[in-house]
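Down below is the structure, laid out as structure tokens.
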Amino acid sequence: AAPDPVFEGGPVEIEVVQALIRSATKPANATPLVGDVYETGSKTEIDKAISSHAAPSRFRAFLGYAGWGSEQLEDEIKVGAWSIVRATPNTIFDEDPDSLWDRLNRQANSQIARLDFKPGRTARVLNFATLRQ
């Protein structure tokens with residue numbers, strides 16, 4: 001009933017609700033992610049956040065999730081199919097989630113270009129698998 005959006009977490013099990021909660025203390029049945037951000041699928045914790053009218057900067061609900069088979073994600077990272085950026089609580093609870101994907105992609109691509117740029121030479125594109133070696 002709240003005006004807050006429910007985000008699409010991925011195409012798998014779209015009837016399953018998961019949430020990200022920003023809290024100074026670890027909520028029960030929650031997994032720590034980064035800083036003061038926790039993930040939970042606990043109905044009790046999700047109901048508690050909703051009934052307390054938690055602000056969008058402290059609570060986000062998602063329907064479904066994205067999943068990979070054993071080692072599938074690692075293999076996709078190795079071939080450069082993913083850009084990896086360091087997670088921060090402020091990024092996770094960004095005030096403009098609709099533009100976040102594009103902004104993070106620009107940031108990641110800008111960092112790659114800067115890392116390989118040398119005056120007088122042609123810049124080459126690096127993938128993250130190269131940078132991690």
Open item on the list: Between residue 39 and residue 12, how high is the FRET efficiency from 1/(1 + (r/R0)^6) when r is the Cβ-Cβ distance and R₀ = 22 Å? Nearest 0.05.
Closed with: 0.90
Task: Rg/Rh ratio calculated on Cα atoms of the stretch 36-117 (Kirkwood radius) - done: 1.05
Task: Rounded D (µm²/s) - the stretch 1-57, Kirkwood Rh over Cα pairs, Stokes-Einstein at 20 °C, 1.002 mPa s - done: 177
Task: Å² of accessible area per residue within the stretch 1-115, as computed with a 1.4 Å probe and no ligands counted - done: 68
Task: Potential lengthening between residue 108 and residue 83 on full extension [0.36 nm per residue; Cα-Cα distance subtracted] - done: 8.4 nm
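The values are calculated or read from the model by the stated rules, or taken from the named source; none is laboratory data. None of these values were measured; they are calculated from a predicted model. All Cβ positions, glycine included, derive from the backbone under ideal geometry; neighbour counts span all protein chains shown. Remember, those area values only see protein heavy atoms, side chains included, never the ligands or the DNA or RNA. Shrake-Rupley method; radii C 1.70, N 1.55, O 1.52, S 1.80 Å.
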